[in-house]
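To start, the structure under review is shown below, and the notes come after it.
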Amino acid sequence: MAFLQEMVDKKFLRTLQSDCLKIYKGIFAAELPLRPALFLDLDSSHIHGITAMRVSSQDFEGYREVYKDMAEVLSRQLVLVAGINNLLKRGDHNKFASRMSKAGKELAPNSLNTYADVSLGHNTKSRGG
């Protein structure tokens, strides 16, 4: 399978796992302020535990970096999801659904590598599907 071979050749999964482990300590340290963002305050097993805290402006910079690191890793995980989605729906990990702009320009990436280069903050419709 070409998709798996490409993931192995580019060491994508190994690098992604390593990056997940790198941010784990920061996520664990910021668990209380992250609870609302991770919806842990809605989890019945956490109701009687420590309550979520407010973030001071002094601590915000550190937590902001945790959020940014998480967003970067999650964005890279979307590449894996997109490749699997393309395989299931179109039989080729590099084939995205066609999306045209109003001006007639093709917006869908032409490969999974191109998709990986699209920034997370970019309009999700242009990220393919």
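The values are calculated or read from the model by the stated rules, or taken from the named source; none is laboratory data. Fair warning: this is a prediction, and the values are worked out from it, not measured in the lab. Ideal geometry is used to build each Cβ from the backbone, glycine not excepted, and the neighbour counts take in all protein chains shown.
Residue pairs whose Cβ atoms lie under 7 Å apart, sitting 6 or more positions apart in sequence or on different chains, and linking a residue in region 82-99 that is of a type in the set (S, T, N, Q) to a partner that is assigned to a helix (DSSP H, G or I), are ASN94/ASN86; ASN94/LEU112.
Taking TYR67 as the residue in question, decide whether it is in contact with a helix residue (DSSP H, G or I) (Cβ under 6 Å, 6 or more places away or on another chain), assigned to a helix (DSSP H, G or I), over 18 Å from GLN17 (Cβ atoms) and of a type outside the set (A, V, I, L, M, F, W, C). No: the conditions fail for TYR67. As a summary of the residue check, LEU87 satisfies the conditions (1) touching a Gly at 6+ places or on another chain (Cβ under 7 Å); (2) assigned to a helix (DSSP H, G or I) except for the one numbered (1). So, in region 16-31, of the ones that are of a type in the set (Gly, Ala, Ser) and in a helix (DSSP H, G or I), which residue ends up modelled with the lowest pLDDT? Here the residue is ALA29.
For region 95-120, the set of residues classified as among the acidic types (Asp, Glu) and either surrounded by 14 or more Cβ atoms within 10 Å (Cβ to Cβ) or over 18 Å from ILE84 (Cα atoms) (or both) consists of GLU106 only.
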